[in-house]
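Nothing in this text is a laboratory measurement; each read-out follows from the coordinates by a stated rule. Everything numeric in this text was worked out from a predicted model, so none of it was measured. All Cβ positions, glycine included, derive from the backbone under ideal geometry; neighbour counts span all protein chains shown.
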Amino acid sequence: MMAVFDTPEEAFGVLRPVCVQLTKTQTVENVEHLQTRLQAVSDSALQELQQYILFPLRFTLKTPGPKRERLIQSVVECLTFVLSSTCVKEQELLQELFSELSACLYSPSSQKPAAVSEELKLAVIQGLSTLMHSAYGDIILTFYEPSILPRLGFAVSLLLGLAEQEKSKQIKIAALKCLQVLLLQCECQDHPRSLDELEQKQLGDLFASFLPGISTTLTRVITGDFKQGHSIVVSSLKIFYKTVSFIMADEQLKRISKVQAKSAVEHRVAELMVHREADWVKNTGNKLTILIKKIIECVSVHPHWKVRLELVELVEDLLLKCSQSLVESAGPLLKALVGLVNDESPEVQAQCNKVLRHFADQKVVVGNKALADILSESLHSLATSLPRLMTSQDDQGKFSTLSLLLGYLKLLGPKINFVLNSVAHLQRLSKALIQVLELDVADIKIVEERCWNSDDLNASPKTSATQPWNHIQRRYFRFFTDERIFMLLRQVCQLLGYYGNLYLLVDHFMELYRQSVVYRKQAAMILNELVTGAAGLEVEDLHEKHIKTNPEELREIVTSILEEYTSQENWYLVTCIETEEMGEELMMEHPGLQAITSGEHTSQVTSFLAFSKPSPIVCSMNSNIWQICIQLEGIGQFAYALGKDFCLLLMSTLYPVLEKAGDQTLLISQVATSTMMDICHACGYDSLQHLINQNSDYLVNGISLNLRHLALHPHTPKVLEVMLRNSDANLLPLVADVVQDVLATLDQFYDKRAASFVSVLHALLAALAQWFPDTGNLRHLHEQSLGEEGSHLNQRPATLENSTTAEDIEQFLLNYLKEKDVADGNVSDFDNEEEEQPVPPKVEENDTHPDVEPPLPLQIQMAMDVMERCIHLLSDKNLQIRLKVLRTLGSKCGDFLRSRFCKDVLPKLAGSLVTQAPISARAGPVYSHTLAFKLQLAVLQGLGPLCERLDLGEGDLNKVADACLIYLSAKQPVKLQEAARSVFLHLMKVDPDSTWFLLIELYCPTQFTPPHPSLHPVQLRGASRQQNPYMANVLRLLKELQ
Amino acid sequence: MAAPCPLPPPDPQFVLRGTQSPVHALHFCEGRQAQGHPLLFSGSQSGLVHIWSLQMRRALTTLDGHGGQCVTWLQTLPQGHQLLSQGRDLKLCLWDLAEGRNAVVDSVPLESVGFCRSSILVQGQPRWMLAVPGKGSNEVQILEMPSKTSVCTLKPEADAKLGMPMCLRLWQADCSPRPLLLAGYEDGSVALWDVSEQKVCSRIACHEEPVMDLDFDSQKAKGISGSAGKALAVWRLDGQQALQVCGTHQLTNPGIAEVTIRPDRKILATAGWDHRIRVFHWRKMQPLAVLAFHSAAIQCVAFAADGLLAAGSKDQRISLWSLYPCA
């Protein structure tokens, strides 16, 4: 509203009548009249006329006798309006107004606030607040002299009463705000000057009298119903700690003299004054501790985050200012703070961390023996109760307990060793950790999930900084489900590793690891985190001067853990029933098994293979799988912790990890692969291949030594296979070296483990062929002939078209003759027609050493050594091995083998197929679990590619076809039919025409009409039989041919 | 009669590969060069000397100074910065290895093409004494180093018929400053020479085949020698500087290329032509282990100060074994 009357004279003219009127007749209307007029007067004019205007208002309040509440309310409101626009410049006026306003709510009959309307209460509170704000300059300080004590005390208790007992939230808040103003805690901008030491002390002396009242009442408010609203609790908390920290401030108290100075106040007032000497401080401190504990207990679980945030402020303020006077409360205060470190509210968390950091910077804990002792003691007692808490609490309880533990560790920093050095406490702590980290290992999927192709090592480490726990495997714990608890546990262990005596801790947990399989997995998890923590990579350090474990020591510690992890009894655990090896061994012991089809045996096989529910075996295998995974993850974490230093550990680590990367259990293989990534990242390799290639010497060492104990290390050949696939020609000498060992071992174990060796030999030959590519001639020819075949196949449909003319037939015949010519070996003509054969470039090389026969290159020598072994294996008793060998040799040196295959192997294979066919045709569904079935399947699957690669002659192809034809019968198990079809698909590639003819002989879908009337109709055998068991498969195959 | 089942023989701790040629000489150096980690030197038939880091278990450097001819003997001088290598190119090279250098700084021409290894005796810095096979087939030449001054030539009496010297060991008794030389000869005898007087103090015929190598424990005044035959001989030196055979130990297979007593004189190891390393208790001469790993004759064995055993073989590998740790 615009001020209409700017000058005091004008204003006086306007106000005078209403003031006189009000003095005469004290009615609400007259007060309102005055207030309306006041609104048109400028502030400066108002200031001039302040006393004059106040007079009728104060007169009204002071007039004895009963008054209507409504009138008092309007007077107080009007007075407030005047005060809000003016300053009170005289101390006397301030004191009088203060008394007069306070008196409005005074009820002489009771101690409680008078039973007046809420509006009046609110008006008076506002009035008091405005009055204190209108005090001009330093007169506010002179107001707080001892003589005011009774009146101030009255106002304070009045306001406390309102805050506690009123129903209206508005009044409660106003009362608390006003209390803040009275206690000089107002946060508004109108109080510019900060108090000097003497002023602080005088105020402190004065306020000390109110401390019991303020603290107890506010405690009741704070610990009241959650439903009263958070702002009331927040304000109360604020007033509580500001008042306490002001009156109990160590700074002030240390200046208090032993004897109370004689003050010049009257006796009545002097009695109210408090002397804050040592005894008083002690007593008050004790009483406050009780209240503080109550507050913490209630507020730390308050549902509203702003309340908890205020609690953090409370802790900070009290611990920073009153750590001596409130020493008894330090424990509970720290506990409260530490417990909020992992609060669900990010604001609270952030504030907590800020405060903790602040404490660390100020050395509040470490620099203060008393506080450090208190914390150590708290940690001691928490460690003591931890095992019990971990079993009895629910997830939420565990979460807060562990948060507390974490906070203590953070705050204590290097001083946690006082606790760890006590054997009893270390044992309690570790017992609790081990207990709570127990895994649930009943998940059957873990054992079941297999990975069949372990060759995929093409992945490269992620470019972002990989932190091992970002891709840590999800696991399930027996005693909790909340993932956050696991994260907390990890942080706890990391902090232990960071601040604690690492030797002591590692020793302790290694001991537990060795002690029992029950503790082993948990101990390994803890060890992993201890090391990660010790490297200090993820730890937020509050204590800057803390010296980390030096890298050399850390590497030694890691080396000793790794030794334990990768030792025979901890690394090579039973994780599955190895079908391949088992099968082999079974067959060795009972050669007759190949053909066994009796029901008794098959039922054994099926019950053995199909688990219906998690059995003890499954659980222990699961447990083993997890142990291996945890250890693998540990290796990844160690690599992460050591960085480049980990390179020195590759000689002992790479082999076992690579071995696990090829594990049949999916989980293990995945974890191992990601461990290898971690290693790549730590040691600076850009891919797994690079890692393997650059460290082949270490691998070779492991392979060579393990080959000496093949029974203990059955997967050694697998590691070599992986290594070969990731090596290059530069490593030839190294490879040659280890191949000697492989062959020597193979010579020793022909009977037992030949199968796993054959695949290594296969990988070796493949690698050699890749590293030393052929000069080209042979391959060129081969490709050419393949091309021929392709085009030949493509021609077929055209010739079978219905619209065949005599010319087509003639052309066909000519083509046929030409091809027949080629097939008979008259290639030279053919070649001359095409183009000149390029001169083989080898001739030049031969010229350089005309007479001396050069020594065979190493790779050729190796290949020869390998083939020599393979020839022996061709007559192995085990069919699968024979087939594997054949495939190995067949892919590399067809001619060399063909005769041998045709003479020795083929008759046996074909014979076994023929004799076994009637059995499989009659067998029931369980047959597919028998060894006999598997062998049939293997033979059928292997024959096709072999025939194709060995380029067998017509007679031998017929033998193969004859043996396999029976399996096209619909009576055979579906899988065998499928495999038999695959044989014919391969045969088609080698000789489409005779295959076609053979199939047509079995079953002919159509009657063939000659393309020209001059030709005789063809009569085929298959055409006569309308329905037969071969029909379906033959039709499918013929479809492929067309 | 069932013998108690013996423990399975241990595996090598590690195998060094990459010489690509049979290994003929090994020598450990405990220098400060590799920050407290000992280095291993190996000499190969192809004439190369490999320097191996035992921490990385990889070759750090290769020295090529013998023109492709077999390196038969390696020895570092006490500071560890200088290496002596003897090759069948009739040259003994002195290498400077300090501060990452690897250059030949001096060489001594040799006049014997045999496999006889040289020997040194460091009396006082910077002078040291060197014994090498001499010009005449039965001679040993003594040089003062590093000046390469010839001190004397030890030549047996004409009628002795000892044959070529096969192995040499210079030493010095604690009580006397006189340098002494133990030499094994082709005829199977071991002789003790007084270098200053150039005369044989004592001689014993302890083998029927040529002596291939010997080692001497000057504290116990006891030595051991191995030959191309099937026996190890242990002999003693009495107060009158006379050699006496204490005993022999029969082996299953003939041929010992090198015999080495561990620095703490608790055990000794032999390099067998039968591809095996044999380990014995030195005082009792009790066989402790037969280490089978190599696939060809073992040509050299060496011990590091911490007890690590290295064996080099014709199969181009060097195996490292950690056995009976030093107390």
Put in order of increasing Cβ neighbours within 10 Å, starting from the fewest, A:CYS352, A:CYS629 give A:CYS629, A:CYS352
A correct Karplus calculation of ³J(HN,Hα) over segment B:222-231, with 6.51 cos²θ - 1.76 cosθ + 1.60, θ = phi - 60°, whole Hz and x for Gly and Pro, returns 9, x, 9, 9, x, 9, 6, x, 9, 10
When A:LEU319, B:LEU60 are ranked with the fewest other C-beta atoms within 10 Å first, the list becomes B:LEU60, A:LEU319
Per the charge dipole of segment A:1-157 (beta-carbon charges, Lys/Arg positive, Asp/Glu negative, Cα centre), the residue among A:ILE72, A:TYR144, A:PHE5 reaching farthest to the positive end is A:ILE72
Inter-chain shielding metric for B:269-279, i.e. average beta-carbon neighbours from other chains within 10 angstrom, reads 0
For the pair A:ALA806 and B:ASP96, the simple spin-label estimate (label points 7 Å beyond Cα toward Cβ) gives in nm 10.1 nm
Expressed in angstrom and rounded, the centroid-to-centroid distance over alpha carbons for segment B:215-261 and segment A:696-760 is 40 Å
Under the rule rounded for a/c under 1.5, else prolate if a/b exceeds b/c, else oblate, using alpha carbon gyration tensor axes a ≥ b ≥ c, segment B:52-128 is classed as oblate
Calc'd 3J(HN,Hα), segment A:619-636, phi into Karplus 6.51 cos²θ - 1.76 cosθ + 1.60 (θ = phi - 60°), Hz, glycine/Pro = x, comes to 4, 6, 5, 4, 4, 4, 4, 5, 4, 4, 4, 4, 5, 5, 4, x, 4, x
About its Cα centre, segment B:161-274 carries a charge dipole, from +1 on Lys and Arg Cβ atoms and -1 on Asp and Glu Cβ atoms, whose size in debye to the nearest 20 is 280 debye
Taking a crude spin-label model, label points 7 Å out from Cα along the C-beta direction, the B:THR149 to A:ALA766 distance in nm is 7.1 nm
Measuring from its Cα centre, segment A:679-777 shows a charge dipole (+1 at each Lys and Arg Cβ, -1 at each Asp and Glu Cβ) which, in debye to the nearest 20, is 300 debye
With the dipole of segment A:675-756 defined by +1 on each Lys or Arg Cβ and -1 on each Asp or Glu Cβ, the option from A:LEU712, A:SER696, A:MET676 whose Cα lies farthest towards the positive pole is A:LEU712
In debye to the nearest 20, the charge dipole size for chain B, taken about the Cα centre with +1 at each Lys and Arg Cβ and -1 at each Asp and Glu Cβ, equals 560 debye
At R0 = 41 Å the Cβ-Cβ FRET efficiency linking A:GLU187 and A:VAL116, nearest 0.05, sits at 0.90
Taking 0.36 nm per residue of separation between A:THR142 and A:GLN1007 and subtracting their Cα-Cα distance, the length gained on full extension comes to 298.7 nm
log10 I(q)/I(0) for segment A:135-225, Debye formula on C-alpha points only (no solvent), q = 0.24 Å⁻¹, two decimals, reads -1.33
Any residue on another chain or 5+ positions along whose placed amide H is under 5 Å from the amide H of B:SER107 is listed here as B:LEU94
Non-local residues with an amide H under 5 Å from the amide H of B:SER295, with H modelled 1.01 Å from N and Pro and chain starts lacking one, are B:ASP315
For A:MET525, A:MET132, ascending order of other Cβ atoms within 10 Å (fewest first) is A:MET132, A:MET525
Expected unfolding gain across A:ASN815-A:GLN170 under the 0.36 nm per residue rule, minus the alpha-carbon gap, is 221.4 nm
Dividing the surface of the Cα convex hull of chain B by four yields a projected area in nm² of 16.8 nm²
The alpha-carbon center of segment A:219-244 and that of segment A:962-979 are separated, in whole Å, by 86 Å
For B:GLY188, the residues 5 or more places away or on another chain with a placed amide H closer than 5 Å to its own amide H are B:VAL211
Computed from the beta carbon distance with a Förster radius of 60 Å, FRET efficiency for A:SER422 and B:VAL113 to the nearest 0.05 stands at 0.25
Once A:MET864 and A:GLU92 are pulled to full extension, the length gained, defined as 0.36 nm per residue separation minus their Cα-Cα distance, is 266.1 nm
Whole-percent tail of the Cα-Cα distance distribution for segment A:880-1010, cut at 25 Å, equals 25 percent
Between the alpha carbon centres of segment B:102-134 and segment A:483-504 the gap in Å comes to 60 Å
Once both label points are put 7 Å beyond Cα along the C-beta direction, the A:THR27-B:GLN123 separation in nm becomes 13.9 nm
Mean separation of Cα contacts under 8 Å (at least 6 apart) over the residue count of chain B, i.e. the relative contact order in percent, is 13 percent
Once phi for every residue in segment B:314-323 is put through the Karplus expression 6.51 cos²θ - 1.76 cosθ + 1.60 (θ = phi - 60°), the whole-Hz ³J(HN,Hα) values, with Gly and Pro written as x, are 5, 6, 6, 10, 10, 9, 10, 10, 10, 10
Out of A:GLN50, A:THR63, A:ILE125 - ranked by how far each Cα lies towards the positive end of the dipole of segment A:37-156, with unit charges on the beta-carbon of charged residues - the top one is A:THR63
